[in-house]
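A short worksheet on the structure shown next.
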């Protein structure tokens with residue numbers, strides 16, 4: 001995929017995160033699975049890798065969507081497995097992510113708990129749960145959890 005960049009995003013259930021970013025114009029591919037980061041956060045958590053075209057959708061917009069479509073201001077009881085995180089692939093991206101998160105903090109009353117972490121490793125989800133929303137749009141899980149997130153995405157993209 002020429003002229004694309006990638007960013008790792010963790011925000012709870014990867015079925016939801018995958019469906020959210022598949023709905024964004026300029027996103028070329030979403031890989032659903034588990035990401036590990038260097039350092040203290042070295043355990044794997046549910047996440048996606050988003051391959052996007054910066055000329056069509058910028059990192060600011062992607063992060064705004066990410067922060068507004070999961071609980072990015074409180075610690076989940078399963079925070080290691082469902083951590084709110086952004087995984088970077090270069091030091092240039094790391095600097096940009098910190099600036100963007102600082103700017104987006106103003107959208108929230110509570111402090112963001114989203115971590116900026118160095119990508120270490122990715123493991124794909126099993127095939128049977130990839131593209132979960134597209135395979136099961138009428139499933140109760142999709143109706144309850146994914147569709148409200150897609151409504152938020154549509155409002156942000158307007």
| Do we find that residue 88 is farther than 20 Å from residue 146 by Cβ, out of contact with any helix residue (DSSP H, G or I) (no Cβ under 9 Å at 6 or more places or on another chain) and in contact (Cβ under 8 Å) with a residue 12 or more places away in the chain in this structure? | no
| Residues that are touching a helix residue (DSSP H, G or I) at 6+ places or on another chain (Cβ under 6 Å) and surrounded by fewer than 17 Cβ atoms within 10 Å (Cβ to Cβ), drawn from the range 97-115 | 112
| query | Do we find that residue 19 is more than 20 Å from residue 130 (Cα to Cα) and crowded, with 20+ Cβ neighbours inside 10 Å in this structure? | reply | no
| request: State whether the residues of the range 138-146 include one that is in contact with a strand residue (DSSP E or B) (Cβ under 7 Å, 6 or more places away or on another chain) and surrounded by 13 or more Cβ atoms within 10 Å (Cβ to Cβ). | output: no
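We did not get these values from a lab; they are worked out from the coordinates using the rules stated. Just so you know, these numbers come straight off a predicted model, no measurement behind them. Don't worry about glycine lacking a Cβ; one is built from the backbone with ideal geometry, like all the others, and counts go over all protein chains shown.
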